Amino acid sequence: MKQKTLIILLGMIFLIGIMSAGVGADRIISNLPNEITINDFIAGDTTTANFSFDYLNIPENQGDSPLIIKINLSTLDFGENCSIPDCSVLKGDFELAGAIKRYWIPFFGGFIYRDTILLNCYEDSSLIINHPYGPTTLDVPDGIFYCYNPQYNNLDLDEHDEVTIYLKSHQALYPGNYLMTAELFYINDTESPIVNITNKNYFETTYFKQGKDIEITATIEENAKVKDFPFGRIFTTSENFNVPYSKESEGIYYFFRILPNIPEGEYEMKVFAEDESGNKGNDMTILKIDLTGPEIIVLKPEQNKSYNNALPIELNVSDWKSGVDNSSVKFRIREITNGSICPESGGGFNYECLNTGWLNTTMTSGNSSSGIYKTTFNITNWEEGVHQFWFEAKAKDILGNEGEWVK
Amino acid sequence: MKTKIATLIAGILLIGMVTAGLVPYLSNSVTGSVEVEGPVFYLDGHISGVYHNLLINEIPGEELDINWNDGQRVVFKTEALNLDGFYKAKFNFTFYAKTNQSGNEIQMRITKVDDSNHQETICDSDSKAITATINFANYELYCESNSEIFLNNDEGFAIEIWGTSANETDEYWISTGDDSRTHGASRIEVSAI
């Protein structure tokens with residue numbers, strides 16, 4: 001009785017230098033063997049396939065590099081020998097698992113055993129690989145497996161790995177030659193850091209000027225590591241100003257700057273962060289500069305009006321940006337004699353004149369944006385008659401910008 | 001099991017699709033080869049339920065001789081295969097047998113059987129004359145399915161063996177397990193046709 005034995009070829013191909021459209025592969029796997037050893041097997045049993053490689057400390061490579069192994073199983077040269085309509089590999093035909101023995105490569109040569117990690121192999125479609133660098137969703141056709149360890153994913157520099165892939169088929173796997181392809185991948189972090197300025201509301205409702213300090217607070221979400229330090233920047237029409245990183249505490253990043261001279265206006269202020277893969281993210285708020293003092297309208301005293309005993313002082317003071325510093329709203333009366341305004345000293349050569357100095361007022365209504373400020377000035381000691389005087393009022397906003405009214 | 005050293009084939013293959021974020025390492029390419037054969041079912045003298053066992057790719061650890069008389073049949077059955085089909089197959093039955101009367105003939109049938117032991121024939125072999133009467137000798141039978149074999153998840157394969165004469169005094173023995181006397185195990189080797 002003849003026994004028909006089909007010689008089956010199972011190949012493993014490890015790929016070189018794949019350059020997919022638009023993607024450059026720049027990390028290098030070294031020292032794959034010229035030959036691999038695979039044990040023949042009977043359908044329904046398990047066999048093993050082995051290969052090894054090095055991941056060296058060379059300029060092209062980066063440490064902590066993910067390792068994903070893609071296995072492609074396909075039929076080879078079945079041709080007319082296939083007696084069923086479809087001999088191609090289908091999902092469920094194989095079960096795969098694996099293990100990697102890891103070694104350090106010391107400078108003096110040889111390998112030092114480190115540990116063994118297990119690989120899980122998946123043929124689900126679609127497959128989501130949840131790597132710390134970010135999830136990757138893969139469409140997995142029949143015959144394709146992705147093998148990796150969900151906890152350990154990464155190669156270190158100067159690492160030697162010995163990979164074993166266990167293959168088991170069901171009993172009805174069509175006897176024949178099968179080709180096995182193994183491709184090694186890493187995951188490139190393509191997600192930008194997510195920057196979120198947490199005190200935007202503060203900057204949207206507050207004005208600043210030269211000499212005032214600003215502190216931006218932000219959170220930065222990043223799958224991998226934030227590269228170097230993040231930074232802030234103010235963008236004006238003439239030049240830009242950095243807001244340097246100050247510290248990080250409990251997940252909040254702080255950026256601090258004492259403001260230089262920036263013209264009045266509103267400006268974009270951003271915080272930037274970059275990860276180790278070069279992905280950049282930023283968030284923006286607004287910086288408001290106010291250099292204008294309050295507007296003052298003198299309601300009283302009224303010009304050319306007679307007053308007895310008391311001179312009413314009533315000012316309408318407004319500052320719609322920073323707000324009025326209530327304590328800064330003052331008035332001053334200086335007598336005009338012989339065509340001259342009474343000087344600061346309150347007198348001149350051989351004469352005395354009235355100079356009240358700056359006197360306070362009291363806000364009686366409104367708020368710091370716009371309010372009425374009043375007081376009265378006692379003129380009972382003034383001689384009866386027409387007096388000319390120089391009336392001045394001044395006020396500052398909260399930032400110290402001064403406005404004045406003179407008549 | 002044969003182990004072959006792979007031959008070197010160098011080549012560069014393009015990855016047709018690189019999904020977002022998955023980037024290939026630069027590496028060299030190698031190939032390997034391996035021979036994959038159809039399953040082997042080993043006759044096991046132990047009984048599970050009604051029938052003897054048919055082990056998949058596993059040689060029974062114990063040597064047991066199974067015997068019967070004409071008018072009886074012995075059946076060896078696998079567990080449920082959990083498959084929905086099998087390719088068109090040739091079942092090569094290699095067995096170690098003897099009889100009490102040289103020239104008595106044995107025939108076998110391959111069936112599929114479910115959890116209820118309902119059997120459906122896949123194929124029948126020709127008969128084979130057994131000449132050994134003292135020591136077990138090696139014999140072979142085979143049969144082929146007509147087409148692909150469709151299976152339910154609860155179905156397995158079975159082999160039914162019987163003597164062909166009508167004389168109830170004719171007796172037959174088959175050895176099962178890794179028999180030191182025969183240096184082989186009675187088994188069914190499956191191949192695609």
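Here are a few things to note about the model shown:
- Convex hull volume of chain A per residue (C-alpha atoms, cubic angstrom): 240
- Sorted into 10 angstrom bins from 0, the C-alpha pair distances of the stretch A:164-221 split as 13, 22, 14, 11, 11, 11, 11, 7, 1 percent.
- Within the stretch B:93-137: backbone nitrogen closer than 17 Å to the B:SER180 label point (7 Å, Cα to C-beta): B:136
- For the peptide A:40-49, the mean number of other protein chain Cβ atoms found within 10 angstrom of a residue's Cβ is 6.
- Sparsely packed loop sites in the stretch A:281-381 (the trypsin sites (Lys or Arg not before Pro) outside DSSP H, G, I, E and B with at most 10 other Cβ atoms within 10 Å) comprise A:LYS305.
- When both bridge partners sit in the protein assembly as shown, DSSP labels roughly 95% of those beta bridges antiparallel.
- Three-way shape label, the stretch B:119-193, alpha-carbon gyration tensor, a/c 1.5: prolate
- Prolate/oblate/rounded label for the stretch B:35-193 (Cα gyration tensor, a/c 1.5): prolate
- Loop chymotrypsin sites (Phe, Trp or Tyr not before Pro), the stretch A:102-157 (other Cβ atoms within 10 Å of the site Cβ: 10 or fewer; DSSP): A:PHE107, A:PHE108
- Cα-Cα over 21 Å, subset of A:LYS91/B:LYS90; A:LYS70/A:LYS227; A:LYS227/A:LYS247; A:LYS247/A:LYS288: A:LYS91/B:LYS90; A:LYS70/A:LYS227; A:LYS247/A:LYS288
- Largest GNM mean-square fluctuation among A:THR181, A:THR237, A:THR48, using chain A with Cα springs under 10 Å: A:THR237.
- Annotation for B:ASN117 and A:ILE258: the two label points, set 7 Å from Cα along the Cα-Cβ direction, are 9.8 nm apart.
- With viscosity 1.567 mPa s and temperature 4 °C, the Kirkwood radius over alpha carbon pairs of the stretch A:106-209 converts through Stokes-Einstein to a diffusion coefficient of 69 µm²/s.
- Rounded FRET efficiency, nearest 0.05, which uses the C-beta distance separating A:HIS170 from A:TRP104 and R0 of 51 Å: 0.80
- Overall form of the stretch A:265-328: prolate. Here a/c, set by the Cα gyration tensor axes a ≥ b ≥ c, is 1.5 or more, and a/b is the larger of a/b and b/c.
- Restricting the stretch A:226-266 to trypsin sites (Lys or Arg not before Pro) that sit in a DSSP loop and have at most 14 other Cβ atoms within 10 Å of their own Cβ leaves nothing.
Bear in mind these aren't lab numbers, they're just calculated from the coordinates by the rules spelled out. Because the structure is a prediction, the values reported are computed rather than measured. Cβ: placed from backbone, ideal geometry, glycine included. Neighbour counts: every protein chain shown.
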